[in-house]
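Worksheet: one structure, shown below.
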Amino acid sequence: MTLSLGGAIILALDIYAIYNILSSKASSLSKVIWTIVILLLPIFGFIMWLLLGPRGVK
């Protein structure tokens with residue numbers, strides 16, 4: 001089974017997003033919801049996370 005380049009890029013971006021979600025200071029419920037959204041909707045979920053996801057404290 002081989003991955004196309006686009007699929008590999010989407011997989012890498014989703015892993016990056018999930019790592020950032022799980023290492024954030026957001027509530028546990030928020031982490032679970034964002035992770036499920038990204039797993040169920042890989043492309044759209046990642047874009048939603050970029051636009052609407054919790055931001056780190058600056």
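The values are calculated or read from the model by the stated rules, or taken from the named source; none is laboratory data. Keep in mind that what you see is a predicted model, and the values were worked out from it rather than measured. Ligands, DNA and RNA are stripped out before the accessible areas are found, and what is left, the full protein with its side chains, is counted by its heavy atoms. Shrake-Rupley method; radii C 1.70, N 1.55, O 1.52, S 1.80 Å.
Computed values, structure above
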item	result
Enumeration of residues in segment 1-22 that are under 11 Å from the mean Cα position of the chain (by Cα) and either open to solvent by 60 Å² or more (accessible area, probe 1.4 Å) or among the aliphatic types (A, V, I, L, M) (or both)	ILE10, LEU11, ALA12, LEU13, ILE15, TYR16, ALA17, ILE18, TYR19, ILE21, LEU22
Selection count where residues are open to solvent by 100 Å² or more (accessible area, probe 1.4 Å) and part of a helix (DSSP H, G or I), scope segment 23-42	3
